[in-house]
Amino acid sequence: MLINTYQTHYQTKNKSLSTTINKLLKEEFKDLDWAVESPIFQDPNYDDKKSDYWRLDFAKKTTSIKVAFNHGSAAAWNLLKPVLASELNHVRKAIQTGYNNSSNSEYLTDLSI
């Protein structure tokens, strides 16, 4: 599936498999009813459709997932997005996430993982 998708869509565009992996993950999470590229904030000032600065890769209920293949220098930025989405404060959020114990199989089943 990975190699086939790469050869079909991306082989002439780039050498990295990251775009292919992102496409496959996006399709799978979408099929499992996860919000894809969900905005963190409801405020229109942060809703730039051309930007991914204030978006979560995947979100469902109170869980968010960040997928990253970029350089280690972006690690802090990648970790900041889920933290901002889970902070309880005065900022209106499009989705309010939180901490979940991933060993809880009942919760994971509820998320369709």
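The values are calculated or read from the model by the stated rules, or taken from the named source; none is laboratory data. Since this is a predicted model, take the numbers as computed values, not measurements. So basically every Cβ, Gly included, is an ideal-geometry build from the backbone, and we count neighbours across all protein chains shown. SASA here: full protein model, heavy atoms, side chains in, ligands and nucleic acids out. Shrake-Rupley method; radii C 1.70, N 1.55, O 1.52, S 1.80 Å.
For K61, the criteria (1) open to solvent by 90 Å² or more (accessible area, probe 1.4 Å); (2) out of contact with any helix residue (DSSP H, G or I) (no Cβ under 7 Å at 6 or more places or on another chain); (3) modelled with pLDDT of 80 or more; (4) on the phi < 0 side of the Ramachandran plot hold in every case but one, which is (4). The residue pairs whose first member lies in segment 20-38 and is at pLDDT 90 or above, whose second member is open to solvent by 50 Å² or more (accessible area, probe 1.4 Å) and not hydroxyl-bearing (S, T, Y), and whose beta carbons are closer than 6 Å, counting only pairs six or more residues apart or on different chains, are V36/K26; V36/K30. Output the residues belonging to segment 48-93 that are within 12 Å of the chain's Cα centre (by Cα) and of a type in the set (S, T, N, Q). The answer is T63, S64, N78.
Look through segment 11-46, keep the residues that are over 15 Å from K60 (Cβ atoms) and among the hydroxyl-bearing types (S, T, Y), and return whichever of them is surrounded by the most Cβ atoms within 10 Å (Cβ to Cβ). Only one residue tops the list, namely T20. When the strands (runs of 3 or more DSSP E) confined to segment 1-70 are screened for residues that are among the aliphatic types (A, V, I, L, M) and closer than 30 Å to L88 by Cα, those reaching at least 2 such residues are found at 35-39, 55-60.
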